[in-house]
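Working notes, beginning with the structure itself.
Nothing in this text is a laboratory measurement; each read-out follows from the coordinates by a stated rule. Just so it is clear, the model here is predicted, and its values are computed rather than measured. Glycine also receives a Cβ, built like all others from the backbone with ideal geometry; neighbour counts cover every protein chain displayed.
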Amino acid sequence: MKKKILVVIANYYESISDGLLNSTKEALKVPFDLIYVPGIFEIPVTIAKNIKKYDGFIALGCVIKGETPHFDFISRASIDGIMKLSIENKKPIGNGIITCLNKEQALLRRKKGREAATALLSVLDSVKTLAE
C-alpha cells in the first residue's frame, strides 16, 4: 500500500528552508504533499490538523539563536509538540528542524531534510514489514 506523506516547512529563513526541502526531495523519491508555514512554532498545529489524512510527516525549518531566550522557548515547544503528536497518534514524524547558533551553522546543516526523510521512510517501512 502506498503511504501518504506530508512535508510541513517553515519558510522564515527562505534560503535555509529551500536547502532543507531540496535534500528532503532527494531522499524521499516518492510523491508527497507540501504545506508552508511562517515559522517552526506553526508546524505542530499544522500536522495536528492533518494527522488523520497522512501516514507520515516531515517537519522542516530553522531557528537561529538571538540575544533573548525566545530561541529556547520556540525550539522546545515545537519539538515537544511534534514528539507528542507522533506518540499520541502513533504516526512517524521526521524531524528536520535545525536549531543553530548562527546563520553559518544553519547553512551547513541544510541537508538535515535528507536525514528526516530517510528516518521517516525507515519507520514507515518497518511498520509495513511488521504488519505483513
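Quick look at the values:
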item	result
Gain in span if fully extended, Lys84 to Thr118, counting 0.36 nm per residue against the direct Cα distance	10.2 nm
Cα long-axis angle, helix 70-89 against the chain (0 to 90 degrees, to the nearest 10)	10
The chain: angle of helix 112-131 to the longest principal axis, Cα-based, in degrees nearest 10	20
Coarse-grained scattering of region 5-131 at q = 0.10, 0.17, 0.18, 0.20 Å⁻¹, given as base-10 log I(q)/I(0) from a Debye sum over alpha-carbon atoms	-0.28, -0.80, -0.89, -1.09
Trypsin sites (Lys or Arg not before Pro) lying in DSSP loop within region 71-128, provided at most 15 other Cβ fall within 10 Å	Lys90
Sparsely packed trypsin sites (Lys or Arg not before Pro) within region 2-36, loop by DSSP, other Cβ within 10 Å at most 13	Lys2, Lys29
The chain: relative contact order as a whole-number percent, Cα under 8 Å and 6+ apart	33
Cα centroid separation, region 1-58 to region 65-122 (Å)	12
Degrees between helix 14-28 axis and first principal axis of the chain (Cα, 0 to 90, nearest 10)	20
Most mobile of Pro69, Pro92, Pro38 in a GNM of the chain (Cα contacts under 10 Å)	Pro69
Ascending count of other beta-carbon atoms within 10 Å, so fewest first, for Val7, Val37, Val63	Val37, Val63, Val7
Estimated [θ] at 222 nm from DSSP helical runs (n ≥ 4, -39500 (n - 2.57)) normalised by residues in the chain, nearest 500	-17000 deg cm²/dmol
Gain upon complete extension [Ser15, Lys53; 0.36 nm per residue less C-alpha separation]	10.8 nm
Restricting region 1-109 to GluC sites (Glu not before Pro) in coil, as DSSP defines it, with at most 14 other Cβ within 10 Å	Glu67
